[in-house]
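To keep things clear, I will list the structure first and then write my remarks on it.
The values are calculated or read from the model by the stated rules, or taken from the named source; none is laboratory data. The shown structure was predicted, so the numbers you read here are calculated from the model rather than taken from an experiment. All Cβ positions, glycine included, derive from the backbone under ideal geometry; neighbour counts span all protein chains shown.
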Amino acid sequence: MRENLNDLAAFVTVARESSFTRAAAQLGVSQSALSQTIRGLEERLGLRLFTRTTRSVAATVAGERLLATLGPRLEGIDADLAALSDLRDKPAGSIRITASEHAADSLLLPRLATLLPEYPDIKVEINTDYRMVDIVEQRFDAGVRLGESIAKDMIAVRIGPDVRMAVVATPGYFARRPPPRKPQDLTTHDCINVRLPTHGGLLPWDFKKGRHELNVRVEGTLIFNGFPQIIKATLAGLGLAFALEEVVQEHIAAGRLVRVLEDWCAVFPGYHLYYPSRRQPSPAFSLVVDALRYRG
């Protein structure tokens with residue numbers, strides 16, 4: 001079947017060129033080999049397809065009819081093969097991103113859900129981690145972190161709006177303990193701490209009001225290495241949490257949590273996608289970056 005198709009393609013080329021010499025050059029075969037191919041095709045069909053003279057080649061009536069029928073079909077096959085080639089040239093590849101669980105859930109997944117169905121050859125691996133990962137050493141293509149914690153030698157692309165932190169606890173907790181009026185009052189409260197693997201120590205609670213900046217080391221009976229558990233413990237009335245405003249806003253609106261020290265919680269740069277400045281972005285990587293880019 002494949003041999004017949006090749007022979008038919010050779011026939012079409014000869015018929016359109018009206019020359020074995022030009023057709024052989026176009027097909028990349030010798031003139032004698034092409035003549036043998038056409039003779040074999042004629043023998044199988046039991047028909048003469050060309051009238052040959054020393055100076056010209058002309059299709060017979062049978063040859064003209066075959067060309068009229070076969071030519072458009074072979075052109076359609078060529079078009080289909082070209083379309084497959086276009087697929088090969090579409091962006092493809094695997095992209096590894098490290099991000100916090102919140103960034104992955106709130107930003108990466110919703111936007112990738114729009115992009116990836118259009119580009120099935122792009123694969124994205126998301127590793128959720130709260131550490132400050134060395135993306136070069138760990139072979140990640142990019143990372144997602146809050147803007148103020150990104151190294152200066154990285155290219156940073158904003159993917160989310162500015163954010164604020166919030167100090168919250170349940171109404172029941174504040175029924176037992178007076179709400180703090182200033183950040184220093186937190187030292188008398190049961191605060192739920194987070195220990196990030198990169199830092200080793202407990203993460204301080206940073207506050208700013210006007211020109212005044214405070215870095216408070218809080219104490220408490222619970223320490224976690226992830227923020228989802230901190231929110232659950234806070235909702236259980238086990239202490240105060242220092243969390244992203246966006247994460248606890250729904251609980252505040254529903255009355256499950258009460259916010260304090262709001263005037264001490266300043267706005268700071270939100271999530272950014274970062275990657276090495278020496279990286280040469282592939283088409284797939286550029287598409288992912290553009291899909292994640294913040295346009296608010």
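Numbers below:
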{"quantity": "Identity of the residue in region 21-44, touching an Asp or Glu at 6+ places or on another chain (Cβ under 8 Å) and among the small types (Gly, Ala, Ser), that ends up surrounded by the fewest Cβ atoms within 10 Å (Cβ to Cβ)", "calculated": "Gly40"}
{"quantity": "Output for region 34-52, where each listed residue is under 13 Å from Val14 (Cα atoms) and small (Gly, Ala, Ser)", "calculated": "Ser35"}
{"quantity": "Of the criteria (1) out of contact with any Lys or Arg (no Cβ under 6 Å at 6 or more places or on another chain); (2) at pLDDT 95 or above, which one Ala166 fails", "calculated": "(1)"}
{"quantity": "Residue that is touching a strand residue (DSSP E or B) at 6+ places or on another chain (Cβ under 8 Å) and without any contact (Cβ under 8 Å) to a residue 40 or more places away in the chain, where the choices are Leu67, Leu49, Leu41", "calculated": "Leu49"}
{"quantity": "The listed residue being within 18 Å of the chain's Cα centre (by Cα), buried (at least 17 other Cβ atoms within 10 Å of the Cβ) and assigned to a helix (DSSP H, G or I), out of Ala113, Ala104", "calculated": "Ala104"}
{"quantity": "Looking only at region 45-71, and only at residues there that are of a type in the set (A, V, I, L, M) and under 54 Å from the mean Cα position of the chain (by Cα), the one that is surrounded by the fewest Cβ atoms within 10 Å (Cβ to Cβ)", "calculated": "Ala68"}
{"quantity": "Filter result (more than 13 Å from Phe242 (Cα to Cα) and among the charged types (D, E, K, R)) within region 177-218", "calculated": "Arg177, Arg181, Lys182, Asp185, Lys208, Lys209, Arg211, Glu213"}
{"quantity": "Scope region 7-33; condition closer than 20 Å to Thr60 by Cα, in a helix (DSSP H, G or I) and out of contact with any helix residue (DSSP H, G or I) (no Cβ under 8 Å at 6 or more places or on another chain); matching residues", "calculated": "Arg22"}
